[in-house]
1. Kindly indicate whether residue 43 is surrounded by 11 or more Cβ atoms within 10 Å (Cβ to Cβ), more than 10 Å from the chain's Cα centre (by Cα) and of a type in the set (D, E, K, R).
2. What number of residues within region 1-15 are open to solvent by 60 Å² or more (accessible area, probe 1.4 Å) and either among the small types (Gly, Ala, Ser) or closer than 18 Å to residue 48 by Cα (or both)?
3. Please go through region 46-59 and pick out each residue that is crowded, with 19+ Cβ neighbours inside 10 Å and either modelled with pLDDT under 95 or not β-branched (Val, Ile, Thr) (or both).
4. Can you name the number of the only condition in (1) surrounded by 12 or more Cβ atoms within 10 Å (Cβ to Cβ); (2) under 11 Å from the mean Cα position of the chain (by Cα) that residue 62 fails?
5. Of 39, 32, which residue is within 22 Å of residue 1 (Cα to Cα) and not aliphatic (A, V, I, L, M)?
6. Please pick out the residue among 18, 38 that is on the phi < 0 side of the Ramachandran plot and either assigned to a helix (DSSP H, G or I) or open to solvent by less than 50 Å² (accessible area, probe 1.4 Å) (or both).
Amino acid sequence: MNQHEYTNGEVTIIWRPELCKHAGICTKMLPKVYHPKEKPWIKAENASSEEIKKQVSQCPSGALSLK
């Protein structure tokens with residue numbers, strides 16, 4: 001499965017595009033991190049690890065996870 005990784009130096013967001021349902025919860029919860037029209041579209045350095053953990057746990061499709 002295709003995946004992309006984005007880190008803030010402490011946690012790494014893993015995005016699996018095939019699973020993404022574009023619910024928009026990520027962009028609503030952390031608009032300073034998720035910029036769908038930009039490349040790279042995830043800027044993990046713009047949020048604390050705790051903010052990222054809270055947001056990723058809300059992803060309904062499982063397209064976002066952490067390592």
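1. Taking the combined requirement at face value, the residue does not satisfy it.
2. Adding up the residues that qualify gives 4.
3. 47, 55, 59
4. Residue 62 satisfies all of (1) surrounded by 12 or more Cβ atoms within 10 Å (Cβ to Cβ); (2) under 11 Å from the mean Cα position of the chain (by Cα) except (1).
5. From the options 39, 32, the qualifying one is 39.
6. One residue alone meets the criteria, 18.
The values are calculated or read from the model by the stated rules, or taken from the named source; none is laboratory data. Worth saying up front: this structure is predicted, and the values here are computed from it rather than measured. Please note: Cβ atoms are built from the backbone with ideal geometry, for glycine as well, and neighbour counts cover all protein chains shown. Remember, those area values only see protein heavy atoms, side chains included, never the ligands or the DNA or RNA. Shrake-Rupley method; radii C 1.70, N 1.55, O 1.52, S 1.80 Å.
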